[in-house]
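To start, the structure under review is shown below, and the notes come after it.
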Amino acid sequence: MTHARDERSALCDLFDRLGPDAPTLCTGWSTYDLAAHLVLRERRPDAMGGIAIKPLSGYTASVQDGLKARHPYPELVGVVRKPGGVYGLLPFLDEAVNTLEFFVHHEDVRRAQPEWEPRELSEEFEQLIWKRVASGARLMLRKAPVGVVLHRLGGGVVLGGPRGGTRVEVTGRAAELLMFCFGRQRHAQVELTGDPEAVDRLRDAPLGV
């Protein structure tokens, strides 16, 4: 098993346990919506553009709704569970492309539940996440309204956001910094230090890929 497949399996187990109507951290999406998104992302490349390109989002949303209309929830979860598409069929691409995607969406479901608790990740996984955060910080923080200094507990510093001017320091474990940089600022267990107004602006900024 790889980290990507571990997270995929754990997320699908959680999908099965919670059912189709459970909340997620993805605004307006239930677990059913998130499962449809994951199927679309891997198996409908024609509709993927709208995930990142706003003018194409209408088509993407219609395809996602169509997946829900045609497939009962357990069936969609079953499709998510089996790696597919270009990424899923090639293990090295699956690990490269899907590790963070499935980790973040797993946490999107976990952290939306009232009883959620932080989980302990292996040091190897934390190191891998930090490596991805460090290499992707400029992209994920490109919409930050202030400069950002990411401090990883245990060692490591990365800069992001606009250069010069006000900076906010964000401190936490690698996985929590990832959640923060992926736009889940208010659900990431991090410490923010800096000008209070700048901190508030950063908490509400549209971060992520």
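The values are calculated or read from the model by the stated rules, or taken from the named source; none is laboratory data. Since this is a predicted model, take the numbers as computed values, not measurements. No Cβ is skipped: glycine too gets one built from the backbone with ideal geometry, and neighbour counts run over all protein chains shown. SASA here: full protein model, heavy atoms, side chains in, ligands and nucleic acids out. Shrake-Rupley method; radii C 1.70, N 1.55, O 1.52, S 1.80 Å.
Worth a mention:
- Checked against (1) surrounded by fewer than 14 Cβ atoms within 10 Å (Cβ to Cβ); (2) among the polar types (S, T, N, Q); (3) assigned to a helix (DSSP H, G or I), residue 27 meets all criteria but (3).
- Screening the stretch 61-111 for residues that are open to solvent by 40 Å² or more (accessible area, probe 1.4 Å) and of a type in the set (Phe, Trp, Tyr) and picking the one that is modelled with the lowest pLDDT gives 87.
- Residue in the stretch 112-124 that is open to solvent by less than 20 Å² (accessible area, probe 1.4 Å) and touching a helix residue (DSSP H, G or I) at 6+ places or on another chain (Cβ under 6 Å) present: no
- Failed item, numbered, when residue 170 is tested on (1) touching a helix residue (DSSP H, G or I) at 6+ places or on another chain (Cβ under 7 Å); (2) open to solvent by 40 Å² or more (accessible area, probe 1.4 Å); (3) free of Cβ contacts under 8 Å to residues at least 60 places away in the same chain: (2)
- Selection within the stretch 177-209 - closer than 11 Å to residue 145 by Cβ and of a type in the set (Asp, Glu): 197, 200, 204
- Condition check for residue 55: surrounded by fewer than 11 Cβ atoms within 10 Å (Cβ to Cβ) and assigned to a helix (DSSP H, G or I): yes
- Test: residue in the stretch 31-38 that is open to solvent by 20 Å² or more (accessible area, probe 1.4 Å) and β-branched (Val, Ile, Thr): no
- Taking the stretch 177-206 as the range and being part of a loop (DSSP other than H, G, I, E, B) and either farther than 20 Å from residue 110 by Cβ or at pLDDT below 95 (or both) as the test, the residues that pass are 194, 195, 204, 205, 206.
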